[in-house]
Amino acid sequence: MTQILNDFPNIASLRSALDSRKISSVELTQTLLNEIAAQTKLNAFVDINTELSLAQAKSADEMIASGSATALTGIPIAHKDIFVTQGWHTTAGSNILKGYKSPFDAHVVEQLLQVGTVSLGKLNCDEFAMGSGNEHSAFGPAHNPWHPKVVPGGSSGGSAAAVAAGLVMAATGTDTGGSVRQPASLCGVSGIKPTYGTVSRFGMIAYASSLDQAGPIARSAHDLMLMLDSMSNFDSRDATSIQTCRGVANQHGRVKQDFTEHDQRFQNLGAKPFAGLRIGVPEEYFGPGLDNGVAKAVEAAIAQFEALGAQRVSISLPHTRLSIPAYYVIAPAEASSNLARYDAIRYGHRTEQYTDLTDMTARSRSEGFGAEVQRRIMVGTYVLSHGYYDAYYLQAQRIRRLIAEDYQAVLGPQCDVILGPVNPTVAPPMGKTDQSPTAEWLADIYTLSLNLAGLPGMSIPCGFAPGFDGSSLPVGLQLIGNYFEEGQLLALAHHFQNTTDWHAQRPKHSEKGAV
Ligand code: GLN
């Protein structure tokens, strides 16, 4: 089956086809829904609602006809199944929420609907966003369009797989410890996790609230700019949403970023547009554990930045190693508290036979939650319990501060942006996570510290390296900036993509419908 989105390299090109009526949003939506139905082996989508998608497409066509189209009107997207949606089921990839339909939309869903995007449904993810490979989903794993036997990355695996397979132009994801950047990297697409507070968490099913942040996954940095611009409006329903408005400084003197204004920033600066830019390369990110092929691709990308005029600076983030123990104390602690709401009383799965109230809750939770979620609830409850709180939780919070300080010691004084790998390896084969759950946790070494610090980071494709069977799999380059510098990251990534074509590569498997 030929894929319609292969004809459009980016959102802008699809925009002009829609505006010039070469294709209507309704036609496009129907075609894509057919393609999704033909690609069920990918297991990227977990809920579809044809009528609703077509109704959204019809409104998009009306917006276009009336001249009120925005950059995203009629653009096909889909949402990670962690955002609540009216009309589609919302399960967070868990049996405990099987069959649940939300009476309201998440802020992100609302915002994207307002600008006229068309949602094609809900995307597979690790249960409650806990995981790095999308193998902890009650719907079974999503597959990587580049290779039927490797993971797409997690937890937003369905989002990255759907974008990489050309089933949507962009998708929403969430990143608590790497879940936008990791799947983007392993599926050869682009993703950004903005500064904590940039995107409202209202209606985003909570995993670890002080770390959770939504971000888009798309084919290019430019497409990410368009998506983030629409997703990031202030929302009073999330107490950590950053209160700024377009063009008007708030009490801290900050103005809402216009992510699209960075589009042309490096355009007409000659052969060395990055002159004056200092790129920090953390020595801790290139140590043992980093796959050779991944290191080579990342090094080549850094060399490309240098060729564009940037200056490479060696930096140190000494507490990187501690991000894994600190995160895997703090995230489970918050999760154990957030997931206490699934008590089988108000909503969610309820066991059939029970003796009393306590028994009902215990049995329902044992049946409804998967193994990884139960593991985290146990760890989280333990580290918060009397006698262990000081030894684990408080200690982890202290380390969190040290990690944030590591970044402040270098971002500004020594460098303007940090570059490095996203994942230590290319996408690993499926079926390994159950053998050693903690081995999966170690793969988060380059992504967790950003969430602990609240900083923005992104992943863009930067090459290929051999996978477990020697086949070529995508490698991601991570860009890390200081707070509220996602505009700079997007501009750099956009220019990198103007001078390279890694982001334009498409998997062969999805074209053949092999997965
Ligand atoms: N892999 C990390 C975890 O399992 C991060 C997941 C995420 O960012 N949602 O918690």
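The values are calculated or read from the model by the stated rules, or taken from the named source; none is laboratory data. For clarity, every value in this text was computed on a predicted model and none was experimentally measured. Here Cβ is always computed from backbone atoms with ideal geometry, including for glycine, and neighbour counts include all displayed protein chains. Accessible surface areas use protein heavy atoms only, side chains included; no ligands, DNA or RNA. Shrake-Rupley method; radii C 1.70, N 1.55, O 1.52, S 1.80 Å.
Some observations on this one:
- Taking a straight Cα-Cα cut-off under 22 Å and skipping sequence neighbours fewer than 8 places away in the same chain, the lysines within cross-link reach of Lys41 are Lys80, Lys98, Lys122, Lys149, Lys432, Lys508, Lys512.
- Cleavage-rule hits (trypsin sites (Lys or Arg not before Pro)) in the stretch 338-397: DSSP loop, at most 11 neighbouring Cβ within 10 angstrom: Arg346
- Residue-level accessible surface for Tyr446, protein heavy atoms, 1.4 Å, Å²: 10 Å²
- Here is how the number arises for the chain: DSSP H runs of 4 or more residues each give -39500 (n - 2.57), the sum is divided by the residue count, and the result at 222 nm is -10500 deg cm²/dmol.
- Kirkwood hydrodynamic radius of the stretch 397-497, from the reciprocal of the average inverse Cα-Cα distance over all distinct pairs: 15.2 Å.
- Taking only the Cα atoms of the stretch 255-294, the ratio Rg/Rh comes out at 1.17, with Rh defined as the Kirkwood radius.
- Highest mean packing comes first when the peptides 479-485, 64-70 are listed by Cβ atoms within 10 Å, giving 479-485, 64-70.
- In straight-distance terms, cross-link reach from Lys22 covers every one of the lysines whose alpha-carbon lies under 21 Å from its own, apart from those fewer than eight places away in the same chain; here that gives Lys58.
- More than 21 angstrom apart: percent of Cα pairs within the stretch 138-293: 57 percent
- Lys58 accessible area, assembled protein chains, probe 1.4 Å, Å²: 120 Å²
- Cα centroid separation, the stretch 120-137 to the stretch 23-56: 19 Å.
- Share of carbon and sulfur in the accessible area of the chain stands at 54%, probe radius 1.4 Å.
- Stretch gain in nm, segment Ser209-Ser337, where the contour uses 0.36 nm per residue and the Cα spacing is subtracted: 45.1 nm
- Cα gyration tensor shape of the stretch 306-422, rounded if a/c is under 1.5, else prolate or oblate by comparing a/b with b/c: prolate
- Couplings 3J(HN,Hα) of the stretch 502-507, computed from phi: 4, 5, 8, 6, 10, x Hz, in residue order, whole Hz [Karplus 6.51 cos²θ - 1.76 cosθ + 1.60, θ = phi - 60°; x for Gly and Pro].
- Measuring nothing but alpha carbons in the chain and taking Rh as the Kirkwood radius, the Rg to Rh ratio lands at 0.95.
- Accessible area per residue for the chain is 37 Å², calculated with a 1.4 Å probe on protein heavy atoms, without ligands, DNA or RNA.
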